[in-house]
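What follows is a set of notes on a single structure, which appears directly below.
The values are calculated or read from the model by the stated rules, or taken from the named source; none is laboratory data. Being a predicted model, the structure only gives us computed values, none of them experimental. With ideal geometry, Cβ positions are generated from the backbone for all residues, glycine too; neighbour counts draw on all protein chains shown.
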Amino acid sequence: MLSNLPVGAAPDPVPLPHFPDRLHAFIFRNWQLVPAQRMAQTIGATEEQVLQLGRAMGLAGPPPITEDQFRRSYVTIIRRNWHLLPYHQLLTLLGWDEAHLAYTLREDDFLFIKLGSLKPKCAPIVFSSSDAATRRREAQIASILHSAFGSSVGALPKPLFGFVRELATPIPGAKPVNRTRLDQPLRLCYSYFALYGDPLMEPGLDPYPDGYLQRLAQVGVNAVWLQAVLYKLAPFPWAPELSKGYPQRLKALAALVRRARRYGIRVFLYLNEPRAMPLPFFDTHPDLKGTVEGDHAALCVDTPEVRTYLAEAVASICRAVPDLGGFFTITASENLTNCWSHGDASTCPRCRQREPWEVIASVNQAIYQGIRGAVTSARLIAWDWGWPDAWAQAIIERTPPECSLMSVSEWSLPIERGGVQSTVGEYSLSAIGPGPRALRHWAWARARSMQCVAKIQAANSWEISCVPYIPVLNNVAEHVTRIHSAGVRDLMLGWTLGGYPSLNLQVAAQVEQNTEKAHSAADTLARIAHTNFGSAAESVLEAWKLFSTAFQQFPFHIEVVYKAPLQVGAANLLWEAQTGYHATMSGFPYDDLAGWRAIYPPEIFAQQLTNVASGFANAVAHLEGALSAHQGSADKRTVEHLKELIRIGKVCAIQMASVARQTRFITLRDRLARHDDSNEKGSLLRDLEQILRQEITAVVQLYQAQVEDPRIGFEATNHYFFVPLDLAEKVLCCTDLLERWVPAMRAHAGRSMPRAAGGE
């Protein structure tokens, strides 16, 4: 095992009986993402052998894979090979060294946690020619795929990541944006397609090209942000090698700031500092060592040297980039940073004797000291994310009043779904804030004359992030109206998800502006609908209302949005027996129903998702009526906008309905394993068979939506949750269960029963 790569429990990988072997699974899963030559190198084959095996399974193509596409899809590639390849083959497939992968697993938005904090124990895959039985199975796979998707399955009529080029292309004839936007209330968002790598050192990975900045400005965005690591942007005094290239990064940052200002957009940096260091670092710097967590320890901010480093690093950035919009901080979670950031400073000899709020506040004090020392207009936003209720007021009271206080608007909002009482954590478009936590924290901040910021999800959320936006514009408008009534003007429009320049973002910006002019949210929605949908506006307004009302049925719980298969949806595989794996945070849902549903009983969880899906289907039907009335008209713009809205609404409905069916499948499957009565087993098998057939129907619909619109399935930090061949694999999975497992269970029940009718 490679020494620097994490392993964890190392269980056996999940079974994949719908493929002849893991070699075929490897070729199938990488066909649309990895060049055939790279696949061949990984498994000791020739490129022609790889292509022949893929085509034997009925795959067309493979599609051309550009270097840009390959670099943008590494999270997807890692995830789809996690249960197939050992580390050394994964490195070959990616073309990385061990250090690169180790850094990515740790620092790329908690990737190793998303993967379950374990690496399945995979034997190497070595190419071998197919025997007669394997060739028969290859032919069966080809027949299944062609029947469901046609002979072009495996090809891509529109390239993955094609939207990046479209968004980056400048808008012909676009007018310059009024620079006074820089003084308007904050509308801050993250790039729809940024990579977590090192974009300031890689111009080809520009997270904010001009065309995209133009489009963001058009929908009212006036600020964007990047993740920053201080030691990559400023000299790190104790290990200067970590700061290699920082002048080039600062130069690139300054250039981005200048470009963005042309469109009335400021640039902010997200700081989660000071970053923890590996334990060997402290062999030569023992006086800096703070709280220990695993193989890292915090740089203790109770030491003057660390506080000075924070202040001087921030000051140097501000001097190098004087027009930088500012910074926002997370100080009580995410990565291990200060000694109290994860709630336990018992292993730090200094901070265990300090109050946690004193330590956390000292981070923002040091950063603000750096801003003030640079004599800049940069703004510091202290985000209360992760601050325990018992600490929050004391932290706010110790934060410089010149700073702003940001709070998640909907956090702690009481809700009731399907008779189950709960409260919202965050990431909700189904619950309309602000909640009591934000209102309380804003009040404490205003008592110190601090400005306040509301963090919301305006475009999409972890309730479903595989679409560029969730068309619940009434919910967005109502939320912003309530925030305005609470006296808060500045908005962070989403976390790393939700940066697509959609009408959702435009609503968030214009509702607040129009409220100042005594226009209602309904007036704003009507104006936006008429501008974008012309004579179909009234139908669209009704559909937005239906979408918004239906979404308020979503069974929200923070564990649900993190662990249920809401993002991968219908692409999530089904298993004939319990896998034994636990669902991971927006990574692998597996069949962990207990983890998916959190506080909701299975039947209520499934029913609430069905309610959402039915409501979305009703709204889609309403829009399809409007589209039918406009087909053939000269208003092609309205027709295209209607088609897109219908497609997004359908995908949301498909995903919600699929998770409900998967819930019922697992419930019935587990009951089947417990029951001996043949009559009971017969009834269960008929229901299971119907679910499998319904899933196939849904997957085919989702496949068609994704090949038409490559935005489907994508989110910035997770890349593609699924690509078209994942949906094709789900059909293979369901067909295998129908043709192998269900008959075997019938035979085991000791009786023959008629097959269930297909379809929904």
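The sole residue among Thr663, Thr697 that is modelled with pLDDT of 95 or more, under 30 Å from the mean Cα position of the chain (by Cα), closer than 24 Å to Ser147 by Cα and not aliphatic (A, V, I, L, M) is Thr697.
Residue-by-condition table, conditions (1) of a type outside the set (Gly, Ala, Ser); (2) in the same structural domain as Phe193 (by TED's automatic domain parsing); (3) at negative phi; (4) at pLDDT below 95:
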site	(1), (2), (3), (4)
Phe28	yes, no, yes, no
Gln32	yes, no, yes, no
Val50	yes, no, yes, no
Gly54	no, no, yes, no
Gly58	no, no, no, no
Pro62	yes, no, yes, no
Thr66	yes, no, yes, yes
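Taking the stretch 476-499 as the range and being surrounded by 24 or more Cβ atoms within 10 Å (Cβ to Cβ) and over 20 Å from Tyr196 (Cβ atoms) as the test, the residues that pass are Val476, Ala477, His479, Val480, Ile483, Val488, Leu491. If you go through the stretch 308-365 and keep only what is surrounded by fewer than 17 Cβ atoms within 10 Å (Cβ to Cβ), of a type in the set (Val, Ile, Thr) and under 27 Å from Leu250 (Cα atoms), you end up with just Thr308. Of all the numbered requirements in (1) buried (at least 21 other Cβ atoms within 10 Å of the Cβ); (2) under 16 Å from Pro120 (Cβ atoms), His88 misses one, and that requirement is (1). Note on the stretch 625-635: among residues that are in a helix (DSSP H, G or I) and surrounded by fewer than 17 Cβ atoms within 10 Å (Cβ to Cβ), the one that is nearest to the chain's Cα centre (by Cα) is Gly625.
Residues that are crowded, with 19+ Cβ neighbours inside 10 Å and either of a type in the set (Asp, Glu) or outside any loop (DSSP other than H, G, I, E, B) (or both) within the stretch 296-306 comprise Ala297, Ala298, Leu299, Asp302, Val306, listed in sequence order.
Across the stretch 343-381, the qualifying residues are those that are acidic (Asp, Glu) and not in a helix (DSSP H, G or I), and the one among them that is farthest from Ile396 (Cα to Cα) is Asp344. Scanning the stretch 221-268 for residues that are assigned to a loop (DSSP other than H, G, I, E, B) and either of a type in the set (Gly, Ala, Ser) or assigned by TED's automatic domain parsing to the domain that holds Asp108 (or both) yields Ala234, Ala239, Gly245, Gly264. Over 12 Å from Asn272 (Cα atoms) and part of a strand (DSSP E or B) - does that describe any residue in the stretch 307-327? Yes. Exactly one residue out of Leu505, Leu525, Leu566, Leu541 is farther than 17 Å from Met656 by Cβ, in contact (Cβ under 8 Å) with a residue 12 or more places away in the chain and under 21 Å from the mean Cα position of the chain (by Cα): that is Leu505. Please work out which residue is surrounded by the fewest Cβ atoms within 10 Å (Cβ to Cβ), limiting yourself to the stretch 370-406 and to residues that are of a type in the set (Gly, Ala, Ser) and under 15 Å from Ala311 (Cβ atoms). Among those that are of a type in the set (Gly, Ala, Ser) and under 15 Å from Ala311 (Cβ atoms), it is Gly373. Screening Pro172 on (1) at pLDDT below 95; (2) in the same structural domain as Ala40 (by TED's automatic domain parsing) shows it passes everything except condition (2). The set of residues in the stretch 1-53 that are part of a loop (DSSP other than H, G, I, E, B), farther than 28 Å from Glu576 by Cβ and of a type in the set (Gly, Ala, Ser) comprises Ser3, Gly44, Ala45.
If you filter the stretch 145-160 down to residues that are among the hydrophobic types (A, V, I, L, M, F, W, C) and crowded, with 21+ Cβ neighbours inside 10 Å, you find that the one that is nearest to Ile65 (Cα to Cα) is Leu160.
The rows are residues; the columns are (1) more than 17 Å from Val476 (Cα to Cα); (2) in a loop (DSSP other than H, G, I, E, B).
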{"site": "Trp385", "(1), (2)": "yes, yes"}
{"site": "Ala394", "(1), (2)": "yes, no"}
{"site": "Leu405", "(1), (2)": "yes, no"}
{"site": "Ser412", "(1), (2)": "yes, yes"}
{"site": "Gln421", "(1), (2)": "yes, no"}
{"site": "Ser428", "(1), (2)": "no, yes"}
{"site": "Arg440", "(1), (2)": "yes, no"}
{"site": "Ala445", "(1), (2)": "yes, no"}
{"site": "Ser449", "(1), (2)": "yes, yes"}
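The condition (being of a type in the set (Gly, Ala, Ser) and either farther than 25 Å from Phe605 by Cβ or not assigned by TED's automatic domain parsing to the domain that holds Tyr720 (or both)) is satisfied by just one residue among Ala521, Ala564, Ala570: Ala521. A residue that is assigned by TED's automatic domain parsing to the domain that holds Val731, touching an Asp or Glu at 6+ places or on another chain (Cβ under 8 Å) and part of a loop (DSSP other than H, G, I, E, B) occurs somewhere in the stretch 536-556.
Residues satisfying the criterion are present in the stretch 167-175 (criterion: free of Cβ contacts under 8 Å to residues at least 60 places away in the same chain, in a helix (DSSP H, G or I) and surrounded by 14 or more Cβ atoms within 10 Å (Cβ to Cβ)). The single condition among (1) more than 22 Å from His441 (Cβ to Cβ); (2) touching a residue at least 40 places away in the same chain (Cβ under 8 Å); (3) small (Gly, Ala, Ser) that Ala332 does not meet is (1).
To keep it simple, each residue is scored yes or no on (1) more than 17 Å from Leu216 (Cα to Cα); (2) hydrophobic (A, V, I, L, M, F, W, C); (3) modelled with pLDDT of 95 or more.
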residue	(1), (2), (3)
Leu493	no, yes, yes
Gln513	no, no, no
Glu516	yes, no, no
His519	yes, no, no
Ala522	yes, yes, no
Ser539	yes, no, yes
Trp544	yes, yes, yes
Phe547	yes, yes, yes
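Among the conditions (1) in contact with a Lys or Arg (Cβ under 9 Å, 6 or more places away or on another chain); (2) not in a loop (DSSP other than H, G, I, E, B), the only one that Ala123 does not satisfy is (2). A single member of Arg740, Arg671, Arg711, Arg686 is basic (Lys, Arg), in the same structural domain as Tyr600 (by TED's automatic domain parsing) and without any contact (Cβ under 8 Å) to a residue 24 or more places away in the chain, and it is Arg671.
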